[in-house]
Each structure stands twice: as structure tokens, then as C-alpha cells.
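Single-structure report; data block below.
We did not get these values from a lab; they are worked out from the coordinates using the rules stated. Note that the coordinates shown come from a computational prediction; the quantities given were computed from them, not determined experimentally. Quick reminder, even Gly has a Cβ in these numbers, built from the backbone with ideal geometry, and neighbours come from all protein chains shown.
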Amino acid sequence: MKLLLAGRRGASDPLSAPPEAPQAWLERVEGWVQRTVGEMLEASRIEEGPQAAPVLRLRLHPAAGEVSLLAATQERIVVSAETSAVGPGYHLYLCDLLKSLGDAHGVSWAPPDEDLGVGDATGYFHTGDAGPVEGHMLTWLQQSVGQVVLMRSMGNSGFALSMRFGHTFQHPGALLTPMGPRDEKWLRAVMDDPRQGTDVFPWWTPGMDARVRFNRALCRLWTDVVWRAPLLDEERLRLRDVARLLEQAWREDPTLPYPWREWQEVLGYLGVGGTLAEEVHRHALESPGTGPSIGYRRGFVQVALPEGWEIRIPGSLAETRLGDGSWVARDHRRTVRVLPLEDSAEEQLAPTSPERRALELEHHGARVSGRASLHVEPGDCRLTALCRSGNRRALCVVSFDDPDEQDWALGTWRSLDHAVAA
């Protein structure tokens, strides 16, 4: 469900002191959110928005998109968010949080305006009546699933529901969701009765209970966890968050269908022992070993990069963005780096330079072509490629330790694509 709220902050009396500067006000709001939300807060940042106005962006759930608070003018603010991916419980939580924010920071909210699309489509933010929220969510789910079934009947595949932009996972299943893949039988059941699909919402009921914590951890296990020992601090924090959520949920309600094998993996990566780890290990031994393990990132993932580039990498690689504009993915023995180039940057490699003469490999794809050099020596292997899509250029460097992974390096380079060739 779409939330688009307009508000005005500060007093309207012209004799009163002028409102606080937008940037300073948003910084104060961010601090309030951090204190109020606590561990629920996934991320927050303030950046420049439309027409140079500052905007505060918040993420409050692993399956949720960002909540944006735009300080459009000295007094006017605009809040936008999408809640369908998470469910009615999240919708109610977010509306209540925004009302509390308004009370704490002197925001008067504008009434809904259907013609302008302003307001809460469910009505809850304005009326406090939670009754219609579930109905809106179920209607959205049934319509979305209906579209997937229609497209599948036309021979299409590779569908995802409520998955965040940036990563496309290669995983079997008729429909990928933050709560795991769903099959054709599930799609048909939801088309007939959308209440058969409430399991796809991580936060269905109001309030915070064991089920909500369990589902939050499950979303992380499916979409965020990198299945190896952590390389980055943020990976370790993510694993700790999963372990904490599962333990809290288990102590509150031990009857939920816990993913014991995956929980054991997480504790192993963290090096956690003790009574709880022994309990998880015992359950993992008793759990049936059939079926694929939880985790989209156990397989390959298509990653959206800066400037419209895309690349296919193993989901186990840790990703980061560097200050020079490049994207890097790596593990203990492999590194992939992509740097979008200005025309002048490529021209620095003169046609007669050794680097240019070494580009002996060529690749011509549907939208991207490239030339590459390959150096293979045990412990020091590197593929360096210049890639072109229309008037777009990019440098792709794949480093690896084992010469036997040469084919993987070539395949990674050749997977580099551009969403829209200029």
C-alpha cells in the first residue's frame, strides 16, 4: 500500500520565530527515529533530494523499501512509503510511528486528497480504523499473483514479488519472495482465495511478537545472508542480528518452524557455542535433510551496478562501493571490480600502449562488447577488460588465486551487461 503524506512543521504565525532549517530539522528527526525505533532500524541517511531539498531515508524492515521524509520547503514535508511487501502489521506500525513523529516535532498533517493521491489508501492513518487494511493487502496480493499466473501462461519466467531492487536471484521457484520461493500450486491457491497467501507477508498481525521476529530473521536468511564466514563488519552484524532474532523468538515461542540447519550455520560462522548452540545443533540433527537450504545467495545473483551496468556473480561475494565510483565484490580468494568510465579515462590507454596491445580476448554480446587481457599464474591470476555498450564504457577486473577458475573469470566478464544500451 502506498503512503503519501503531506505535512507542515512549525508555527504558521508570522510573528513566531522562523522554522528550523530543513537539514537541521531532519537531523533532529533522524536522532529521534534512532532512539525510538532502536533495533528495528535497518538503516538511515540524509541526502540531497529533488531540487536540492534534503531527504531522510529510513529502512525499518529487511523486506521493506525506504521510507522517505522530504523537507520540500522551509515548512512543508512530504512522506512517502510502500508497505505492501511487509504486510498489515507493518502498515499499522509505520503509520503509528509517523503520527508519533508528528506529535514530537510539531507536524500538522494535511487531510487526504484522492485527486492528488495524497493520504493513506487504507484510511488508517487518518481515521485510526485498522479494519480495511487487511482487505487492501489481500486485494493487492490477489491482483499481483494473477498477473504472475497470466505471464507464466504466456511462457515467461523469473518472477519476483516484493523483492528489493538491486539483486535478481537465480533460484528455482515460480515466484521468489522475501519469505522464500512459492510454487505454481501456491499461486493457484492464492488466486482462488488470497488468504491462502498471508504466509508471504512477514508482518501480518499488529504488534511485535515471536512470529514477527521469526519472520524478520527468515527474510534476512533468504535475501541478505552471505553463506560463509564474514569478511566485513556489516556481514558479522547481520549474522548477529539473525541469531538474536531467532533466539528471542524461540524463547518466546519454541513451537515455530525454526530453520535449525541454517541457524546452526549462522552460529558456526559467528563462532558461538554454549547451551543454545547445543540445543540448535540437536534440533538440526533431528531436522529432515531433504529440500534445498534457505538462502538465495547460495546461488548466483545478477547485481545492478552504477550507470546502468549489471553483472552475474556468486551470491557468496561481499559487495561494497568505493569512493572512486567502482563496485567491488570479493571473498577470500576472488575479487570482481567494475568501474564505469568517462570517455577520457579510456583514452588514457593509448592504442600503442602495452596495456592496449595486451587486450587479446574479445567478446560480443547482445548489448555489450569488450576486449580483455588474461594473466594466469598460481596465486596471481587477473583478467582486465574494457567493455562498451553504446556510448557507455566500463573497466572490469576479475582477480582470482586458482588458475582452475579461469573459466569462471571469463564467464563473469562476459556476463557484464547494460540495462539499456545507449
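Of note:
- Helical segments meeting 27 Å axial Cα length and Kyte-Doolittle -1.0 threshold in the chain (DSSP H): 131-153
- Anisotropy class of the range 132-239 from Cα gyration tensor, a/c 1.5 cut: oblate
- Above 18 Å, the calculated P(r) of the range 128-176 contains 45 percent of its Cα-Cα pairs.
- Cα convex hull volume per residue for the range 190-282 (Å³): 112 Å³
- Length gained when the stretch S287-S153 is fully extended (0.36 nm per residue, less Cα-Cα span): 44.6 nm
- Each other residue within a Cβ distance under 14 Å of P230 adds +1 if Lys or Arg and -1 if Asp or Glu, for a net charge of -1.
- Solution diffusion estimate, µm²/s, Stokes-Einstein, the range 264-338, Kirkwood Rh from C-alpha pairs, 4 °C, viscosity 1.567 mPa s: 85 µm²/s
- In the range 2-129, the ratio of gyration radius to Kirkwood radius, Rg to Rh, stands at 0.95 when only Cα atoms are counted.
- Summing Cβ point charges (Lys, Arg +1; Asp, Glu -1) relative to the Cα centre of the range 17-167 gives a dipole of roughly 460 debye.
- Span from the the range 36-88 Cα centroid across to the the range 185-261 one, whole angstrom: 23 Å
- In the chain, one over the average inverse separation of all distinct C-alpha pairs is 24.4 Å, which is the Kirkwood hydrodynamic radius.
- Two-decimal Rg to Rh for the range 48-100 - Kirkwood Rh, Cα set: 1.01
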